[in-house]
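Here it is, the structure, as structure tokens.
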Amino acid sequence: MTTFVNLLELESLAKPRLPTAVFDYFAGGAHDEITLDANRRVYDAIALRPRVLVDVSHRDLSTTLLGQRLAFPILVAPMALQRMAHTDGELATARAATSLQTILTVSTLSSVTVEDIRPACALAPWFQIYVHQERALTEAMLERVAACGYGALVLTVDTPVLGRRERDVRNTFQPPPGIAFANMMVGKGGATTGSAERDSALAMYFAARHDAGVTWKDLEWLRRVCPLPLVLKGVMRGDDAKRAADHGVNGLIVSNHGGRQLDTTLATIRAVAEVAEAAGTGVPVLVDGGVRRGTDVLKAIALGARAVLVGRPVLWGLALDGEAGVTRVLTALRDELDTAMALCGCASLSDIGRDLVVI
Ligand SMILES: Cc1cc2nc3c(=O)[nH]c(=O)nc-3n(C[C@H](O)[C@H](O)[C@H](O)COP(=O)(O)O)c2cc1C
């Protein structure tokens, strides 16, 4: 296994292991990648105000989310097509999340089926949904997810259309042969990404199949066809958070899709306090985008998040060493959070307050 000391080193270590088009698909963002950079940079600009002379000899990083107990407040974000990073793909990621007692979020566009992933997870995984124009296809998908015991439904709301990822356009990105959207190959309405035209295959798939007309009204439909707790991923404003809470949504993820959708949006950490305040105490708020350091996790919690999700570093760990690589990535981030808590005078997550950060 390639050794690494921190998560920021992973991208350059993984790069030589991957075909250029796959690396670019994983690493890239929309347009000028300004949001991609900002997500990370803004964390660095937030200063900590540690408390001293607190007994931190025993620290508890555990938390509860939608009825499940996690060992630490770091989940795996939904990411498509993980078999492009490692032959075990989502199965390896699921096993790593299981060994550390955290939750995996499975993408609609996973390269292993939801049924095959489920037994590899101890905690019930969350399922991320993209709504297809053929609603029957989405309904069938949701039935399968509920039937095999997923723990929550995550509706991605920042993707009515796919952001323009110029690296993928230049590479005419296509998944390598033998790797496809596994969930869509089951039953009717099967889909492949293949196309001979000159654009990213994912962009073309979205343009052809994804429903850009989803609105607040559709939350009722989703609730009707799927009994799982509903989480919205991609909320960036207080007014939308309030509206979501009024609709009875069970959780929110502050996200700009890791800078892959609308470029020049606010860095996610800058939206957390507003969203958490508007959502109220009954709706847990999570955040993703650029989380690479334990201090980032602590800052997110200080500003009102209950937990964070981590994206690309998981793919880099997967590319470097499959399940063991992902385990090391999540362990490194968990251990950094543990150290950051000790150094800030926090013995548990509930000790992490707004007073610890200056933005
Ligand atoms: C390669 C890749 C694929 C992704 N696929 C999905 C997806 O299928 N559904 C989704 O809601 N978000 C998807 N995302 C966004 C992530 O869930 C998450 O919001 C983002 O990666 C977090 O930022 P980070 O990578 O800086 O940690 C993807 C991100 C990457 C990097």
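Could you please find all residues in the stretch 1-34 being among the hydroxyl-bearing types (Ser, Thr, Tyr), touching a residue at least 60 places away in the same chain (Cβ under 8 Å) and more than 14 Å from ARG312 (Cβ to Cβ)?
Residues of the stretch 1-34 that are among the hydroxyl-bearing types (Ser, Thr, Tyr), as a first pass: 2-3, 12, 20, 25.
Okay, now just the ones that are also touching a residue at least 60 places away in the same chain (Cβ under 8 Å), so 2, 20, 25.
Scanning the stretch 1-34 gives THR2, THR20.
Going through ALA136, ALA96, ALA147, ALA85 one at a time, which residue ends up being over 21 Å from PRO284 (Cβ atoms), away from the ligand (no atom under 12 Å from the Cβ) and surrounded by 22 or more Cβ atoms within 10 Å (Cβ to Cβ)? Step through it out loud before you land on a result.
On the way: ALA136 fails: surrounded by 22 or more Cβ atoms within 10 Å (Cβ to Cβ); ALA147 fails: surrounded by 22 or more Cβ atoms within 10 Å (Cβ to Cβ); ALA85 fails: away from the ligand (no atom under 12 Å from the Cβ).
Every option except ALA96 fails the conditions.
While we're here: Can you name the condition, by its number, that ALA245 falls short on among (1) surrounded by fewer than 24 Cβ atoms within 10 Å (Cβ to Cβ); (2) of a type outside the set (Lys, Arg); (3) within 16 Å of the ligand (Cβ to nearest atom); (4) in a helix (DSSP H, G or I)?
Against the list (1) surrounded by fewer than 24 Cβ atoms within 10 Å (Cβ to Cβ); (2) of a type outside the set (Lys, Arg); (3) within 16 Å of the ligand (Cβ to nearest atom); (4) in a helix (DSSP H, G or I), ALA245 comes up short only on (3).
Residues that are basic (Lys, Arg): find the helices (runs of 4 or more DSSP H) completely inside the stretch 84-154 holding 2 or more of those.
On the way: elements: 90-99, 114-117, 135-147.
Because the criterion is at least 2 residues that are basic (Lys, Arg), the helices (runs of 4 or more DSSP H) in the stretch 84-154 that meet it are 135-147.
Condition first: over 13 Å from MET141 (Cα atoms) and hydrophobic (A, V, I, L, M, F, W, C). Now tell me which residues in the stretch 100-126 satisfy that. Lay out the reasoning, then the answer.
Filtering the stretch 100-126 for residues over 13 Å from MET141 (Cα atoms) gives 100-105, 111-112, 116-126.
Answer for the stretch 100-126, where residues must be over 13 Å from MET141 (Cα atoms) and hydrophobic (A, V, I, L, M, F, W, C): LEU100, ILE103, LEU104, VAL112, ILE117, ALA120, CYS121, ALA122, LEU123, ALA124, TRP126.
Checking the structure you have, find out if any residue of the stretch 260-278 is more than 11 Å from the ligand (Cβ to nearest atom), in contact (Cβ under 8 Å) with a residue 60 or more places away in the chain and assigned to a strand (DSSP E or B).
No, the stretch 260-278 contains no residue that is more than 11 Å from the ligand (Cβ to nearest atom), in contact (Cβ under 8 Å) with a residue 60 or more places away in the chain and assigned to a strand (DSSP E or B).
Right, something else. So which residues in the stretch 303-323 are surrounded by 24 or more Cβ atoms within 10 Å (Cβ to Cβ) and either among the small types (Gly, Ala, Ser) or part of a loop (DSSP other than H, G, I, E, B) (or both)?
LEU303, ALA305, ALA307, GLY317, ALA319 - these are the residues of the stretch 303-323 that are surrounded by 24 or more Cβ atoms within 10 Å (Cβ to Cβ) and either among the small types (Gly, Ala, Ser) or part of a loop (DSSP other than H, G, I, E, B) (or both).
Please work out which one of (1) surrounded by 20 or more Cβ atoms within 10 Å (Cβ to Cβ); (2) on the phi > 0 side of the Ramachandran plot is the condition VAL326 fails and give its number.
VAL326 satisfies every listed condition except (2).
Scan the stretch 301-312 residue by residue and report those that are under 12 Å from LEU75 (Cα atoms) and within 16 Å of the ligand (Cβ to nearest atom). Working first, answer last.
Step one: filter the stretch 301-312 for residues under 12 Å from LEU75 (Cα atoms), giving 306-311.
Selection gives ALA307, VAL308, LEU309, VAL310, GLY311.
Every number in this text was worked out from the coordinates using simple rules, so none of it is lab data. Every value quoted in this text rests on a predicted model; they were computed, and no experiment measured them. Glycine also receives a Cβ, built like all others from the backbone with ideal geometry; neighbour counts cover every protein chain displayed.
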